[in-house]
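The values are calculated or read from the model by the stated rules, or taken from the named source; none is laboratory data. None of the values given here were measured: they were computed from a predicted structure. Methodologically, a virtual Cβ is constructed for each residue, glycine included, from the backbone with ideal geometry; neighbour enumeration extends over all protein chains shown. We work out accessible area using only protein heavy atoms, side chains counted, and drop any ligands, DNA or RNA first. Shrake-Rupley method; radii C 1.70, N 1.55, O 1.52, S 1.80 Å.
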Amino acid sequence: MFLILKIMNFEENTSEESVQGMKQEIARLHKENEWLKKQLEAVRKELKAPQGGLFRQKYAIQILDSLPDMLTVFDKEGYVVELVSNEITNHVGMSGNKMTGKNMKEIIPEEAYCKVFDNLRKVVQTHKSSIAHHELWVEGEKHYFENRVFPLDENYVLCLCRDVTNESTSKKELELANRRMRLAEEIAMLRHWHYNVTTGYISLSSSIPYIEEVESLKWQLEDFLKIIYPDDREMVRLLFTGKMNNEFIKYRLLCNGSVRYMQTKAISSHTHTGKKVVEGCMQDITSLVQSYHQLELLRNAFNKLSDKVVACRLDASLIYANQSFKKEYLPDQLVENSKISDISALRCPEPEWKRLLERIVSNGGHMSYQFVSKYPDRESRKTYQVMADMMVDRIYGDTIWFIMRDITPLVKAKDELIEARIRAEQADKLKTAFLANMSHEIRTPLNAIVGFSNLMTLGTSEEEHHLYADIINRNTNILLQLINDILDLAKIEAGTLEFVEEEIDIYEICHNIYEMQKDKVHDGVSLYFDNIKEELHVKRDPNRLYQVINNLISNAIKFTETGEIRFGYVREKEHILFYVKDTGRGIAKEHIQSVFERFVKLNSFIQGTGLGLPICKMIVEKMGGVIYVESEEGKGTTFYFTIPV
């Protein structure tokens, strides 16, 4: 109002031109007034919104102080204008006040300076924020930093420097782990897969080797199933569609005419962007399967060997044994819980094992030797030819393999051959002695027969004739027995000795022998037949049975000068046991084993060919029985023999 009055008063006192100028001034003031009203309205609106700009301005200092990052304002030449963050964030070793006005190259090392300043220059030139990385040593440790530079205006930039050491270390460790995992996957021929149930596509982490025509990492399920062995396709389909979780399945791939063995497993099943996804891994196990098959072939081959194959560590602990070895030495034990030094039959206790090990090592890891195995609780023993071979392995430990070949039959055959050669040499000597003895044995009774036959013609009395006739008869029997023994031996050796079996009474045969022999014993000697009359019938050759019993009694009569001779038989379960027992001279222990050998005479001064007992032995064995002797020198001898009932 005051302004209007002033204008009216001014109009009265001024000219027309002045009035025009005042009107223009009024119009300008009016516009300014309108602008002020708008500004006032804007201020009022801002005051009604405390979270707006004024709120940020009010708490800007607290916000900056709470940030963990170092915030520094630089000019475009790299000089520090101000450290705007809390001093705690300062990691360059110089306070914020001292940094102000200094160029960044005076504050940080050359290498870090180059990276930060290059990033700053880039922002100055492009007027766009940029990110770079640099390294600094903080308190003796290397730290990794990320510097983000933002343009403020034409002259200043803001540098946000953040310590990303933990993130960088984790990232590097993750990258290293990924590299290791990829390397492990390559070595193990392992690859991951994802199957999208909705789209029906399988995605592989890497291509499948050995399938030259396929390079894609993405397959339709039906196309993938075409390269799988027909019998395995349904099983693989179930696994990919999430119906066989948490179990490995093995299947075969048909690759260029050959078969590859694979195993796969579904690891998880989840939904991604509304689509069901099954995730898993697959591995090529062809080499493993082939190695397993080869191992099984070797194991089966080893188990079918009659040789015993065993492997052990240097401490004698077993790691492998084939079936032949386990059957003989470990029938009820586990191989892994056993040691060679603990198997008594191998006769290799700890000290002996150490000596054997030293011999193998000193011999270059290879050795061949003979070994006799014997169980403490058994009479049988076996001889083995052992081949030892040491395999040096620094990873799994040194191993010694033993191959034990049973050469017991060969050793026995060799011993028997040597024994047979010795017997043949002895037999040759005995035959020579036999021929020499025969000349004496035959001449003696012949001389008696011829001599006393001549004397009979000169005899003058009946008594002399009877005496000479008795001598001639006795020597004739000796000569006849001699010839019969020689003929029987020849027949036995030629296999032509005949056995004519018939029903016989054992008691009758023994009683007849007793009646025939009772008067032939020496004076002072008695012959006893121990059995009473009872019927005991068997089907045997009576002449051969008679020959054996009579021969044994005749021998007893020869060597028994005092005491008695007893003979008889006992019925047992499956055979009849005969015996002839005397109280004669007996047989020395060293000669007992040889009494049944041919041409053996223990007393050269008593008539005989040394063929009677060998002939008895052959006859008894032909009848299916056995013959043996028990004797004590100076006390007497008992001969036993059996025949089956």
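Below are the figures for this structure:
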quantity: Residues of the stretch 61-83 classified as crowded, with 16+ Cβ neighbours inside 10 Å and among the small types (Gly, Ala, Ser), total; calculated: 1
quantity: Scan of the stretch 459-514 for residues that are of a type in the set (Gly, Ala, Ser) and assigned to a helix (DSSP H, G or I), ordered by number; calculated: Ala469, Ala490, Ala494
quantity: Test result for Pro409, within 30 Å of Asp342 (Cα to Cα), at pLDDT below 80, surrounded by fewer than 12 Cβ atoms within 10 Å (Cβ to Cβ) and not hydroxyl-bearing (Ser, Thr, Tyr); calculated: no
quantity: Within the stretch 449-468, tally of residues that are open to solvent by less than 40 Å² (accessible area, probe 1.4 Å), modelled with pLDDT of 75 or more and not β-branched (Val, Ile, Thr); calculated: 2
quantity: Pairs with Cβ under 7 Å, 6+ apart, first in the stretch 349-367 and basic (Lys, Arg), second open to solvent by less than 100 Å² (accessible area, probe 1.4 Å) and outside any loop (DSSP other than H, G, I, E, B); calculated: Arg359/Met367
quantity: Phe559 open to solvent by 20 Å² or more (accessible area, probe 1.4 Å), touching a Cys at 6+ places or on another chain (Cβ under 9 Å) and within 24 Å of Val626 (Cβ to Cβ); calculated: no
quantity: Candidate set: the stretch 305-348, residues that are free of Cβ contacts under 8 Å to residues at least 12 places away in the same chain and closer than 15 Å to Asp406 by Cα; chosen: the one surrounded by the fewest Cβ atoms within 10 Å (Cβ to Cβ); calculated: Lys327
quantity: Subset of the stretch 109-132 (residues that are closer than 25 Å to Thr169 by Cα and in contact with a helix residue (DSSP H, G or I) (Cβ under 7 Å, 6 or more places away or on another chain)); calculated: Tyr113, Val116, Phe117, Ser130, Ala132
quantity: Subset tally (residues that are exposed (fewer than 15 other Cβ atoms within 10 Å of the Cβ) and closer than 15 Å to Thr89 by Cα) for the stretch 138-160; calculated: 2
